[in-house]
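Read the structure below first, then the notes.
Any read-out appearing in this document is the output of simple, stated calculations on the displayed coordinates, not a laboratory observation. Here the structure is a predicted model, which means the values were calculated and not measured. Here the Cβ is made from the backbone with ideal geometry for all residues, glycine too, and neighbour counts use every protein chain on show.
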Amino acid sequence: MIPFNIPYVSGKEMACIEDAIQRKNLAGEGFYTKACQEELQKITKAKRVLLTPSCTHALELTALLLDLKEGDEVIMPSFTFVSTANAFVLRGAVPVFVDLRADTMNIDERLIEAAISPKTKAIVVMHYAGVACEMEEIMAIANRHNIKVIEDAAQCLGGYYRGKHLGTIGHFGTFSFHSTKNIHCGEGGALLINDQSLIERAEIIREKGTNRNQFLLGMVDKYSWVDVGSSVLLGELNAAFLFAQLQELETLTQKRQQIWERYLQKLAGLATEIGLPKVPKDCKHNGHIFYLKCRNTEERKDLIDHLKKQEISSVFHYVPLHSSLAGHKFGYFHGADKYTSIESGRLLRLPLFPDLEEESQDRITTLVLDFYQKSL
Ligand SMILES: *Cc1c(COP(=O)(O)O)cnc(C)c1O
């Protein structure tokens, strides 16, 4: 049996967890939280990184920071995880879905400006599979209209656009450390704040609307309720686990990229039958996802069954948000759905995790090749 994913464990997590317990403070913003935040700031060059319980929570923080209210509009792709939209719908904002580019499965930057209305407050981009959206064009549009950009960079640790780490180009970026991501702690996330003027308020909102952070730094002699807020901290046990994983980031990314490249090589002969991922020259991806695109949804179902019979697990995502029950209720699609539904209906992800052995990978690619020879 080859599973779709095996969450990585380095073996050094337990030592960090034990050390965290010895330190006798397991609440948020302790030793390991700070260590992870510093490490992430070093890796990404973000101005400030705050660990959160999930990427979903980090996205919700951005919606609070932008003071979004009933009827505000937020432009985003429909091909994304539900949290990209949910975080803003919780504040009463309306997701305005825009079509994607078939080559990267990312939002089509050429369609964004036409979707902007006087109610538009933000653009949320999602870099699919750690491959960047066309950020230069997107930032130029946002600046022209004075709206904020949030990068849902949940899949992006180790991914770059023109030398900049993903999540550091927009006003905010968000990471996920869910066990399905490259580096994880079961459940976890981070908010990246790239605009100096938004840091203090982010710290306040994350600490239940109090200025506790300033108090801990000795800047005020008492802390109290100063703004809206919530508890959006990651506990120290999770942060300790995450810290151990972060030490392995480079090797893990390299391993994933090697597996990704190998898939591409082995399947290159099928380039006329199936779609294969493309990485624009400005992007350095992190090997998060390897996907192929079948000719249609029926063929995808047959290929999944074909692999499953040989005990290989392959999966697909996402049901486009505009065609889901809640997406229909809370948002709308702007312009024509030329690619979102069709392309997402063809996409299939193959197993990819650092410990996937070459032998197993060869079994997978051989079966995919078999499948197409048979069906041709
Ligand atoms: C994984 C993922 C999320 C959610 O991350 P959590 O940490 O589970 O909240 C959000 N957006 C995208 C694009 C993701 O891939």
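How many percent of the alpha carbon pairs in the stretch 169-243 exceed a separation of 13 Å?
71 percent
For a 27 Å ceiling on Cα separation, which of these pairs sit above it: K121/K208; K45/K266; K181/K293; K12/K208; K42/K266?
K45/K266; K12/K208; K42/K266
Taking H as built 1.01 Å from N, whose amide H comes closer than 5 Å to the amide H of F316, not counting residues under 5 places away?
Distant-sequence amide H within range of F316: R349.
At a 10 angstrom cut-off on C-beta neighbours, averaged per residue, how do the peptides 82-88, 256-262, 218-224 rank from highest to lowest?
Going by the mean number of other Cβ atoms within 10 Å, highest first, we get 82-88, 256-262, 218-224.
Compute the whole-percent fraction of alpha carbon pairs in the stretch 93-183 spaced more than 19 Å apart.
Value for the stretch 93-183 (Cα pairs over 19 Å): 37 percent.
I'd like the projected area of the chain, averaged over all directions, using the convex hull of its alpha carbons. Report it in nm² with one decimal.
Projected area, direction-averaged: 19.0 nm².
Starting from the Kirkwood radius over alpha-carbon pairs of the stretch 237-328, derive D by Stokes-Einstein at 10 °C in a medium of 1.306 mPa s and give it in µm² s⁻¹.
98 µm²/s
Along the stretch 257-273, what does the Karplus equation 6.51 cos²θ - 1.76 cosθ + 1.60 (θ = phi - 60°) give for ³J(HN,Hα), rounded to whole Hz, x for Gly and Pro?
For the stretch 257-273, the Karplus-derived couplings read 5, 4, 5, 4, 4, 5, 4, 4, 4, 5, 9, 4, x, 9, 3, 7, 8 Hz, x marking Gly and Pro.
Per DSSP helix of 4 or more residues, -39500 (n - 2.57); summed, then divided by the residues of the chain. What does that give at 222 nm, rounded to the nearest 500?
-11000 deg cm²/dmol
5 Å is the cut-off here: which amide hydrogens, built 1.01 Å from N in the peptide plane, fall below it relative to G189, excluding neighbours closer than 5 in sequence?
T52, S54, F177
Using DSSP to define loop residues, name the trypsin sites (Lys or Arg not before Pro) in the stretch 283-376 whose beta-carbon has at most 16 other beta-carbon atoms within 10 Å.
Passing sites in the stretch 283-376 are R295, K338.
Quick check: the distance between the Cα centres of the stretch 296-364 and the stretch 1-29, to the nearest angstrom?
Value for the Cα centre distance between the two parts: 30 Å.
Provide the per-residue ³J(HN,Hα) series for the stretch 301-312, in order, calculated from phi with Karplus coefficients 6.51, -1.76, 1.60 and θ = phi - 60°, each as a whole number of Hz, with x at glycine and proline positions.
Coupling constants for the stretch 301-312: 4, 5, 5, 4, 5, 4, 6, 5, 4, 9, 6, 10 Hz.
Over the chain, what is the relative contact order in whole percent, taking alpha-carbon pairs under 8 Å and six or more residues apart?
Value for the chain: 23 percent.
When the Karplus curve 6.51 cos²θ - 1.76 cosθ + 1.60 is applied with θ = phi - 60°, which whole-Hz ³J(HN,Hα) does each residue of the stretch 337-350 get, with x for Gly and Pro?
Result, ordered by residue: 8, 7, 10, 3, 5, 5, 5, 5, x, 9, 6, 9, 9, 9 Hz.
Relative contact order (percent) for the stretch 151-242, with alpha-carbon contacts under 8 angstrom and 6 or more residues of separation?
21 percent
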